[in-house]
Every structure is written in structure tokens, then in C-alpha cells.
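One structure below.
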Amino acid sequence: LGELTGLTGDLSPQEAEPIPVDDRPVSAFFGRMRREGRWVVPVKLPLLALFGTVDLDLRQAVLQRRHVVLDSLVVGGRIRLLVPEGVQVNVTGRTILSTREVRTRPSADGPTIEIGGTLLFGSVKARSPKRTFRERMKGRLKR
């Protein structure tokens, strides 16, 4: 899907596109930057958090490939991800005095989001949305 945007970009104006393609870096300087809704996540997305917070809600996002890399530079900041069920999140970047908390429910054949780059005095938090009481009970009854 992501490769087709280069070929079909001149067919309609950007505001009329059904899914916005936004491959600009996500940056937060002493503040907060949030990206949510329906958008196409590029294969490699640069993130920059200098004493700020980057919030990415990927529940409605369309991944260009099954393996997406978030190339991050975090200095005293935070990256918070909200991913749908079945997505695996791996933190592979260099971490120096940083914390990471990954609470997702990955599936064997689901996509992978890799957080690379450098984290210095920062934190990464990734989670899946909370299940409703009904969903938790269904999961226990199936066992």
C-alpha cells in the first residue's frame, strides 16, 4: 500500500486522499506531539523527543510493511505507543539510564514494530488497549 502512494499521488489533491501519507519526522521539544487516527506508517519513521513526549496511537494506522522501524533519539523524553492486539514491539536501540515497559499481546504472525536509535535518560512505554470485562471473560472460558 505504501509503495502505491508514489505512483498515485498526482491523481487527487492531498486533502481528498482517503488515508494521509505522512512520513515527516515526529518531534517533541519540551512539549508533546501526538499522532493518531488513520494514517500510513512508513517503513522507517524518525522520532525525536528532547525533554518532550511523543505519543503514537497505531490502532487505526496502516503499516506499510510487517516490520516497521521507529528510528528514535530520546534525551530526557518519552515515547508512548498504543498498538492493537497482535503487534509485537521490540526495543533494540541503545539505552543509557532509560526505562522500557512493553505490555502488548503479540501474536505469532502479527507485525513487528522495532524501536531503534538512542535513548538517554528517557523512557519507552508500549501497550495494547485495555480489554473489556467481557473480552477477558471470553479469553478465560476458551482455555
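Could you pull out every residue, at least 5 positions away or on a different chain, whose amide H is within less than 5 Å of the one on L63? Hs are placed 1.01 Å off N in the peptide plane, and Pro or chain starts have none. For L63, the qualifying residues are V41. Rolling a 1.4 Å probe over the protein chains gives M33 an accessible area of about 70 Å².
When the surface is traced with a 1.4 Å probe over the full set of protein chains, K125 keeps roughly 90 Å² accessible. 3J(HN,Hα) along the range 52-67: x, 10, 10, 9, 10, 9, 9, 5, 9, 6, 9, 7, 5, 9, 6, 10 Hz, from the Karplus curve 6.51 cos²θ - 1.76 cosθ + 1.60 with θ = phi - 60°, whole Hz, x for Gly and Pro. Under a 5 Å amide H cut-off, with hydrogens placed 1.01 Å from N, R34 pairs with D55 among residues at least 5 apart or on other chains. How much solvent-accessible surface does E135 expose, in Å² to the nearest 10, with a 1.4 Å probe and all protein chains in place? Estimated to the nearest 10 Å², E135 gives 90 Å². Of all lysines in the structure, the ones whose alpha carbon falls short of 28 Å from that of K125, not counting any fewer than 8 places away in one chain, are K44, K138. Near G117, the amide H atoms lying under 5 Å from its own belong to S72, G93, R94; only residues 5 or more places off or on other chains count, and H is placed 1.01 Å from N.
The values are calculated or read from the model by the stated rules, or taken from the named source; none is laboratory data. Just so it is clear, the model here is predicted, and its values are computed rather than measured. Side chains are part of the model used for accessible areas, which takes the heavy atoms of the whole protein and leaves out ligands, DNA and RNA. Shrake-Rupley method; radii C 1.70, N 1.55, O 1.52, S 1.80 Å.
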